[in-house]
1. Below 8 Å, C-alpha to C-alpha, sequence gap of six or more: please give me the relative contact order for the chain in percent.
2. Just want the answer: with Cβ charges of +1 for Lys and Arg and -1 for Asp and Glu, which residue in N252, L177, I223 is farthest toward the dipole's positive end in the stretch 148-305?
3. Sort 146-156, 18-28, 104-114 by packing, meaning the average of other beta carbons within 10 Å per residue, with the highest value first.
4. Among 496-507, 265-276, 86-97, what's the highest-first ranking by average C-beta atoms within 10 angstrom per residue?
5. Cut-off under 18 Å on the C-alpha distance; same-chain residues fewer than 8 positions from K300 excluded. Which lysines are left, in chain and number order?
6. Describe numerically, in nm with one decimal, the distance between label points set 7 Å from Cα along Cα→Cβ at D411 and at E387.
7. Take every DSSP beta bridge whose two residues both sit in the chain, then give the antiparallel share in percent to the nearest 5.
8. Return the distance in nm (one decimal) between the two label points of a simple spin-label model at I476 and W428, each offset 7 Å from Cα along Cα→Cβ.
Amino acid sequence: MFKKVTLYTNQLEDMKGFYEYQLGFRIVEEDDTSFTLSIGESQLVFRESERAAVYHYALNIPGNQFTLAKWWASERVTLNRQEGMDEVFYANFDADAFYFQDPAGNIVEFIARRSVDRMGNFTVDSLLDISEVSITTPYVEEVGERIEEMDIPVRGNKGIDAKSLNFLGSGHAYIILVAPKRTWYFSKQKSETHPLAIELTDGRQITITEEGRFQQEKPANPIMDRMEEVGFSGVAYLQKKETWTAARGFANRADERPNAVDTRFGIASGSKLFTAIAVCQLVERGELALDDKLSELLPKTFPNFEVTVHQLLTHTSGIPDYFDEQVMDDFEDLWKQHPMYLMQAASDFIPLFKDQPPMFEPGERFHYNNAGFIALGLIIERVTGKEFADVVEERIFAPAKMQNSGYFRLDRLPGQTALGYIEEDGVWRTNQYAVPIRGGADGGAYVTADDMANFWRSLMDGTLLAKEMVDKMLQIHASGEDGAYGYGIWIQQRKDDILKYHVMGYDPGVSFHSAFYPADGSMLTVLSNKGTGAHEITGIIEELRIEKE
């Protein structure tokens, strides 16, 4: 019944720390005035208010995990007790329960439904959904009648009793309607009237005002509505005057582990910009020049490629590509002849293109080229004497405080990393056999949304490169059908002004867009563990949150 429940608090930061760090719940949306927790199939929102507020709510858990859940909770909080007991069996609901309180004083109840079993240890992923939400109002009968009009029945068909607890709903989901000043079970806290909002799974909304009055309305949220329409799975992050983040879908579909705002995602070709910056850092240090030729830098590997570093950075080199995105349709087809588990370093890609004929004369035109960035990665390794990934992690990720980012192997992904998913005939499979086992100079890094914000700030404030070199990177050096291009970065103009600098990446099971808007310093990142979605969500956020403001 419950899709989303919104409660209010004047202790937002303390509450966020309690639920995220002390209990380990996953945050799936946040801005400066609220945060949203994933509760199985439901979501619980805490929104900032000026006055204190206390509520009672309950979460469903599997019945066979009751003892495990109690142990899990008691390691993190003090369980409430009543008459010397810290648990209770409710025969009328065939359920066991225990209680504790959060920093705001809310009474939190875990209800173990004996009819529901789940294997394994209890974790936050064992939470099923929101079970109960209490509405405290002096207008019990009036509010109860309005809820009944929504075809939400009173349990037992006894009618509304203003002097008792009234359970409205069925199965494992109830709205509890109660008058003020009733003492909650397993607590000394008395019921208080405070505003709240309930969004039902069918989209209907119940809003209770400060005075305890009932309102029913359909929430208007074009961005979230669009996410649902396209089946978005990932994270969207916008930093403008304030920061807004939202996560949807599953990082692991088999275990139904939801994406959270701090989940890592693969970004495919979006990481070409990291390669470009590493090259420009070497140029700044005098260890490399933009007019150096590939044939001179790597004479044994590419003796016949008379192309410059500048041309490789701008996709104007014309060297043969191992995957020509304008000709070839399916990236996954590459690995039928060249197993993806063998593609662990830049040198592993060399046989795929080194002996092929050039596409055109160097500098003749723009043609997006993955092999060109593989060559840049090999140049970085030759100049520094280090592996490409180590260079980027030391010289870009570390100073930019991208502490959760890296070039991870698919068979050794760290925690809080989303698996990429490919849909075939309504069935989902991971992209483990569809992309190289480890990313490199042409793509494949993993980042979080917050790390990308740190990256843009560090690029623009001179942390990664001096202003003169940043300006050179952000010049339009070439243009193609998809737009203008600098060094590893797309540039979108509007009339005579720059609208945004942006990067994007698409692989099987990956879609990614990230942009910096120079007019006001805004940053937008959309990460997805599906092959589509990032473009659509970027478009609607730009329309609603950027271009109209």
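1. Rounded, it is 13 percent for the chain.
2. Of the candidates, L177 comes out farthest on the positive side.
3. So the peptides 146-156, 18-28, 104-114, ranked by packing, come out 104-114, 18-28, 146-156.
4. 265-276, 496-507, 86-97
5. Of all the lysines, those that pass the test against K300 - Cα under 18 Å, at least 8 places apart if same chain - are K354.
6. Rounded to a tenth, the inter-label distance reads 1.4 nm.
7. So the antiparallel bridges amount to about 80 percent of the total.
8. 4.0 nm
Every number here is computed from the coordinates shown, using simple stated rules; none is lab data. As the structure is a prediction and not an experimental result, all values here were calculated from the model. Counting neighbours? That spans all protein chains shown, and the Cβs are built from the backbone with ideal geometry, glycine included.
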